[in-house]
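The values are calculated or read from the model by the stated rules, or taken from the named source; none is laboratory data. All figures in this text were calculated on a predicted structure; none of them were measured in a lab. Using ideal geometry, Cβ is built from the backbone for each residue, glycine included, and neighbour counts are taken over all protein chains shown.
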Amino acid sequence: MAGPTLVSSRRDDQALPRSSLIAGIVAAAVLVLGTLVLAGTISPAQGALLLVGGALGAVLYHAAFGFTSAWRVFIIDRRGRGLRAQMVLLAVAVVLFFPPLATGTLFGHPVHGFVSPIGLSVVAGAFMFGLGMQLGGGCASGTLFTAGGGNARMMITLVFFIIGSLLATIHFDWWTSLPALQPVSLATRLGSSGGIMLSLLLFGAIAAVTVWFEKRRHGTLERAAAPRQQHGSRWLRGPWPLLFGAVALAVLNFVTLAIAGRPWGITSAFALWGAKLTQLFGIDPGQWAYWQQPGNARALSESIWHDVTTVMDVGVIAGAMLAAALAGRFAPRFDIPLRSLVAAAIGGILLGYGARIAFGCNIGAYFGGIASGSLHGWLWLVCAFAGNMLGVKLRPFFFRQPKRPVVSGV
């Protein structure tokens, strides 16, 4: 006799759907057992970073903290709540990051930020990444947490994200040979206090611009939606307030700085995964200049579990999967339109390629770069936003959306 059918529209006090139950068990096992194994075989810090990644994945999922959707909504509809949340994220981050980065130590341990050259490779790479965000359907963090949350299409984006990252390592030396200025960090150039004040003024100015545009079109600012009624704990099953998500992500990035000695990153691991796969087919990526750099050469020669970024990426996926499972919403769908699949492939390659040559993604360059005071993070923001504007114009072809939704106001 067939068992009772479990549906996703269940009441919160009923049993989880089978897909969510299985996903929850798998995700919990990865986080618990992975932490124990990493702590025992590599270091306690490595095990702790897996849990930090898990916490980041849960926050991203439950707060629905997206960079791609926030930028798209502002570009199309001039709604700026998501962008303002990003400014809160960055404001909290610089207040936490700048003092230890200015001194070079945190809790007695050396730390460093993501500070990279300001050049044409950042311009081109960030623009590619921004375009890829809208075609691929997510940024670096968005790809991980939505894939972990059960979005089958984003797994396609992730696969091509890895391919694009690997391709960029082949040409990396050419891109970095293009004209560029030396790296500059506000945290060290102006000191922590001066850097924080200037950064906060810039964040406030961006937030004010979003308010002006939103009021000009709609007359009033968008309010956060009221949480849906449910029997279980909102903090266990979501959704979480967007601003809570912004603060939590900044604090968890600071925890990453304290444990790993550098900010949270995502996309360098994709290049490493791609390089490891090529070795299985008899190709030696070690002959490419990117993999001859000391840190990259060491990562290529070691197990991927020694790589901090890999461990945290796995944690993000597992954390988002656990969050989706507890919410009863882990239910992958595989009926993906062909044009959407093509967009995922193109977008993934642009995301991966762009992130490598721009010295990071929305996390490593935008979030981590600006939190480190790096001017390349600000250049990345401008160029990636321009790429998003083009991507928004191309989306209707791939996703059969109206070129512009009906909105009220001017």
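Please go through region 251-306 and give me each residue that is of a type in the set (V, I, T) and either outside any helix (DSSP H, G or I) or at pLDDT below 95 (or both), ordered by number.
Step one: filter region 251-306 for residues of a type in the set (V, I, T), giving 251, 255-256, 259, 266-267, 278, 283, 304.
Those that are of a type in the set (V, I, T) and either outside any helix (DSSP H, G or I) or at pLDDT below 95 (or both): I266, T267, I283.
Among the residues of region 166-205, just one is farther than 17 Å from A365 by Cα and touching a Ser or Thr at 6+ places or on another chain (Cβ under 6 Å), namely L178.
Scan region 168-187 for residues that are assigned to a helix (DSSP H, G or I) and buried (at least 20 other Cβ atoms within 10 Å of the Cβ) and jot them down.
Residues satisfying the conditions are A168, T169, F172, W175, L186, A187.
Inside region 233-272, residues that are surrounded by 18 or more Cβ atoms within 10 Å (Cβ to Cβ) and among the aromatic types (F, W, Y) make up a count of 4. Tell me whether region 305-326 contains one or more residues that are of a type in the set (S, T, Y), on the phi < 0 side of the Ramachandran plot and under 15 Å from the mean Cα position of the chain (by Cα). Within region 305-326 (the criterion being of a type in the set (S, T, Y), on the phi < 0 side of the Ramachandran plot and under 15 Å from the mean Cα position of the chain (by Cα)), the answer is yes, since at least one residue qualifies. R237 - would you say it is closer than 22 Å to S141 by Cβ, in contact with a His (Cβ under 9 Å, 6 or more places away or on another chain) and at pLDDT below 95? The answer is yes for R237.
Identify the residue in region 57-110 that is of a type in the set (F, W, Y) and surrounded by fewer than 24 Cβ atoms within 10 Å (Cβ to Cβ) and, among all such residues, is nearest to the chain's Cα centre (by Cα). Only one residue tops the list, namely F74.
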